[in-house]
1. Could you tell me whether K211 is assigned to a strand (DSSP E or B), of a type in the set (K, R) and more than 22 Å from M31 (Cβ to Cβ)?
2. Find the residue count for the range 92-144, including only residues that are in contact with a strand residue (DSSP E or B) (Cβ under 6 Å, 6 or more places away or on another chain), within 22 Å of V46 (Cβ to Cβ) and not β-branched (V, I, T).
3. For the structure I just gave you, tell me whether T12 is of a type in the set (V, I, T) and under 13 Å from P98 (Cα atoms).
4. Select from the range 11-33 the residues that are of a type in the set (S, T, Y) and touching a residue at least 24 places away in the same chain (Cβ under 8 Å) and list them in ascending order.
5. Tell me, which residue of the range 171-199 that is at pLDDT 95 or above and charged (D, E, K, R) is farthest from L30 (Cα to Cα)?
6. Evaluate the range 185-204: report whether one residue or more is outside any strand (DSSP E or B), more than 15 Å from P91 (Cα to Cα), out of contact with any helix residue (DSSP H, G or I) (no Cβ under 6 Å at 6 or more places or on another chain) and hydroxyl-bearing (S, T, Y).
7. Testing Q33 on (1) over 16 Å from the mean Cα position of the chain (by Cα); (2) at pLDDT below 95, one condition comes back false. Which one is that?
Amino acid sequence: MTVQAPVRVLETCDLGRMRWAEAYSWQARLMEQRKSGQIPDQLVFVEHPHVITMGRNAHDENVLASEEILSRTGIDFHHTNRGGDVTYHGPGQIVGYPILDLNGWKRDVHAYVRALEQAIVDTLSALGLDGVRDPGKTGVWVRGAKVCAIGVHISRWVTSHGFALNVDTDLRYFQYIVPCGLALPVTSLAALGVRVSHDEVKALLVEKFSKVFGYESES
């Protein structure tokens, strides 16, 4: 008798616009629930008000303005437990926080990050854009500019943090940092000539993410 593998389900939710600290509290609760098996894997979407976050490997010199200047400009500032350097989140950006138990997929950090990149590349392809990886750098690039940043944290093989895709982000806010510690340009879907609603992009992200990770998604 053939034994079928259990169906892997991905639940998705959209928190709307939420400050980074509040969204991080959501992540922390979901991580604990996932670790204890109370919930299936999650893909959480959120849009943050202006905020700069520092990863575990961040360098202070990659923030080009003082906390006082950032505060006056209306930009929050937080240190985080994710990997990577400094990044910016703000309106016009789709941030995705996958809360996944990698014990049910692959216990491989590098494979997980590459799979995140692939889901973004596939989403961009559906929008007519040629997204690529840059060897030695994390994220997704189009025409030499970074369109999606990725930074993750994994505890007991349960993931948090994730990706930030620039849809119609005001790219001027990146002037306050050296994004991900790389003195390279950033871009957005709008800057690349793609006019698309956030809901359309999220639907594509769920579709491509589910395909890459082998889920049957539930909204």
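The values are calculated or read from the model by the stated rules, or taken from the named source; none is laboratory data. Every value quoted in this text rests on a predicted model; they were computed, and no experiment measured them. Here the Cβ positions follow ideal geometry from the backbone for every residue, glycine too, while neighbour counts run over all protein chains shown.
1. On the way: assigned to a strand (DSSP E or B): no; of a type in the set (K, R): yes; more than 22 Å from M31 (Cβ to Cβ): yes.
Considered against the rule, which asks whether it is assigned to a strand (DSSP E or B), of a type in the set (K, R) and more than 22 Å from M31 (Cβ to Cβ), K211 comes out as no.
2. The number of residues fulfilling the criteria is 10.
3. Details: of a type in the set (V, I, T): yes; under 13 Å from P98 (Cα atoms): yes.
Yes, satisfied.
4. T12, Y24
5. R195
6. Looking through the range 185-204, none of the residues is outside any strand (DSSP E or B), more than 15 Å from P91 (Cα to Cα), out of contact with any helix residue (DSSP H, G or I) (no Cβ under 6 Å at 6 or more places or on another chain) and hydroxyl-bearing (S, T, Y).
7. So the condition that Q33 fails would be (2).
Matching residues to (1) within 15 Å of the chain's Cα centre (by Cα); (2) within 18 Å of F213 (Cβ to Cβ):
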position: F45; (1), (2): yes, yes
position: R56; (1), (2): no, no
position: D76; (1), (2): no, no
position: N81; (1), (2): yes, no
position: T87; (1), (2): yes, no
position: Y97; (1), (2): yes, yes
